[in-house]
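Reviewing the structure listed below.
The values are calculated or read from the model by the stated rules, or taken from the named source; none is laboratory data. Fair warning: this is a prediction, and the values are worked out from it, not measured in the lab. Ideal geometry is used to build each Cβ from the backbone, glycine not excepted, and the neighbour counts take in all protein chains shown. The accessibility values were calculated without ligands, DNA or RNA, using every heavy atom of the protein model including side chains. Shrake-Rupley method; radii C 1.70, N 1.55, O 1.52, S 1.80 Å.
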Amino acid sequence: MLTTIIAVIIVLGGLIFFHELGHFAVARALGMGVSTFSLGFGPKILKYKRGKTEYALSLVPLGGYVALVGESDEADIPEGFSKEESFALRPAWQRLLVVAAGPTANIVLAWLLCWGLAFGWGTPVLLPQVGAVTENSPAARAGLRPGDRILSVDGQTVESWEAMSDAIARSDGRPMRLEVERVGPGAAVQPPPDADGRRGQDLTANDRLALELTAERATRKTIFGENETAWLIGVRAAGSVATHPESFWNAASAGADQTWRMVSLTWQSFVKLAERVVPLDQVGGPIMIAQMVGEQAHQGLAGLLALTALISVNLGILNLLPIPILDGGQVVFCLLEILFRRPVNRKVQEYAMRVGLALLIGLMLLATFNDVWRLLKS
């Protein structure tokens, strides 16, 4: 229990700190005044002042904030600050940079974590090893068996399940030649007959064989539960994973690739949620996050860092949604001001903020309800 509590505090505190640090760093770089940098909301537990800025640790740990001079009222300039440091009086493009810096910092943090994981633990790769073969499928008719490892497709070496799937998809229904290593244990087996109806020598474990087959157009489920058609041969992955060590700079590239995949998947998840493809009961909140962090903390550092990267991406994308009370809504206001060369009407902004706040509260209540309901069912 103590390990879980410590892990949750470190992970969530680190994510919030990095997010607010993004806002803070860009604001200061542009010469804007920052009166308060706080982790948490509500009454301040600890605080100290350095320069013009007060740094604080507040009671409610569900977030944090950077109080910019003139942010809420352009006429309100605290003592010790000048009018030139006011956020509200700066050009829209500067305000846009400050607002977008928080979510961007979360994406950068995810990349740094993925970089560290790739360098320290290597890049995990799902191997193209067959776990199951569908009856009467092209793979079954060609003689593929569970345990077989696919080495190449039409002469193209495949080192991952993804690369194998992509090669099969590119076949577009044309006959393919697969080089297969029979790595599973068992008695000798006979390869399928050749074009003349003759059979070759019996194959034993760890032998290689060439198989010819043609993928069929079939329906499968996506990660979001939707049906899609694709060229398939009727096999499922065995789940075997290999770890490829990476050099320092190759790890940076591998980390960037992994971060982009998480960004793309997270964005699609929000879109599918809005389209009601993903049911609302899948939305999770702080309780679910704490449970996941606790589980990974007990399983090892690598898993905990990977989960932290994923949560950081989710936090960044969530804050970029065009909901007025979030960073994304402020980005939209700044873009409209740049486009039309005048600020969005203040009353419109205030009304939009109320609507955004209601949406955010509703989302938090939904997530909390789902978390509690999952706990009661478990």
Suppose every K and R has +1 on its Cβ and every D and E has -1 on its Cβ; what is the size of the dipole of the chain about the Cα centre, in Debye to the nearest 20?
640 debye
Measure off 7 Å from each Cα along the Cα-to-Cβ vector at Arg50 and Thr157, then give the distance between these two points in nanometres to one decimal.
5.1 nm
Lys/Arg Cβ at +1, Asp/Glu Cβ at -1, dipole of the chain taken about the Cα centre: which of Ile6, Ala142, Pro343 is farthest positive-ward?
Pro343
Rounded to the nearest 10 Å², what accessible area does Lys49 have for a 1.4 Å probe in the complete protein model?
140 Å²
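Could you put Asp148, Asp76, Asp207 in order of accessible surface area, largest first, with the 1.4 Å probe and the full protein assembly present? Numbers along the way, then the final one.
Values: Asp148 0, Asp76 85, Asp207 50 Å².
If we order Asp148, Asp76, Asp207 from most to least accessible, we get Asp76, Asp207, Asp148.
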Full-extension gain in nm, Ser378 to Met364, via 0.36 nm per residue minus C-alpha separation
2.9 nm
Please report the accessible area of Ser264 (heavy atoms, 1.4 Å probe, ligands and nucleic acids excluded) in Å², nearest 10.
40 Å²
Hits among lysines - C-alpha to C-alpha of Lys377 under 30 Å, sequence gap 8 or more where chains match:
Lys221, Lys272
If amide H atoms are built 1.01 Å from N in the plane of the peptide, which residues on other chains or at least 5 residues away come under 5 Å of the amide H of Ile325?
Gly356, Leu357
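Going by accessible area, probe 1.4 Å, with all protein chains left in place, what is the ranking of Ser38, Ser165, largest first? Numbers along the way, then the final one.
On the way: Ser38 0, Ser165 40 Å².
If we order Ser38, Ser165 from most to least accessible, we get Ser165, Ser38.
Taking a ≥ b ≥ c as the square roots of the eigenvalues of the Cα gyration tensor of the chain, is the shape rounded (a/c under 1.5), prolate (a/b larger than b/c) or oblate?
Values: a/c = 2.61, a/b = 2.36, b/c = 1.11.
Prolate.
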Non-local amide H neighbours of Val278 (under 5 Å, H modeled in plane, Pro and chain starts lacking H): which ones?
Leu273
Please list Trp267, Trp111 from largest to smallest accessible area, probe radius 1.4 Å, with all protein chains kept in place.
Trp267, Trp111
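What's the magnitude of the charge dipole for the range 255-378 around its Cα centre, counting Lys and Arg as +1 and Asp and Glu as -1 at the beta-carbon? Answer in Debye, nearest 20. Walk me through the numbers before you get to the answer.
Numbers: 10 positive and 8 negative charges, 83 e Å.
That gives a dipole near 400 debye.
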For Ala256 and Glu79, what is the calculated FRET efficiency with R₀ set at 45 Å and r taken between the beta-carbons, to the nearest 0.05?
0.50
Positive-end residue, the range 236-373 charge dipole about Cα centroid, Cβ charges, pick of Leu321, Gly255, Val293:
Leu321
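Work out, step by step, the length gained on full extension between Val125 and Ala169: first 0.36 nm times the residue separation, then minus their alpha carbon distance; give nm to one decimal.
On the way: separation 44, 0.36 × 44 = 15.84 nm, distance 1.93 nm.
Between Val125 and Ala169, full extension yields 13.9 nm more.
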Cα-based reach from Lys347 at 21 Å (exclusive), listing lysines while leaving out same-chain residues under 8 positions away:
none
Can you find, among His244, Ala230, Trp267, the residue farthest towards the positive end of the dipole of the range 221-284? Put +1 on the C-beta of Lys and Arg, -1 on that of Asp and Glu.
Ala230
Please report the antiparallel percentage of DSSP beta bridges with both residues in the chain, rounded to the nearest 5.
90 percent
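Run the numbers on the chain and let me know its relative contact order in percent, using alpha-carbon pairs under 8 Å that are six or more apart.
Details: 644 pairs, mean separation 68.4, N = 378.
Relative contact order, the chain: 18 percent.
In whole percent, how big is the carbon plus sulfur part of the accessible area of the chain, probe 1.4 Å, protein atoms only? Walk me through the numbers before you get to the answer.
Details: 13120 of 21880 Å².
Answer for the chain is 60 percent, counting heavy atoms of protein chains only.
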Once you charge only the Cβ atoms, +1 for Lys and Arg and -1 for Asp and Glu, what is the size of the charge dipole of the range 316-361 about its Cα centre, to the nearest 20 debye?
220 debye
Full-extension gain between His298 and Leu59, please, as 0.36 nm times their residue separation minus the C-alpha to C-alpha distance.
83.3 nm
Rounded accessible area per residue of the chain, 1.4 Å, Å²:
58 Å²
Could you work out how far helix 301-319 tilts from the main Cα principal axis of the chain, as a 0 to 90 degree angle to the nearest 10?
60 degrees
Counting only the heavy atoms of the protein chains, how much of Phe87 is accessible to a 1.4 Å probe, in Å² to the nearest 10?
30 Å²
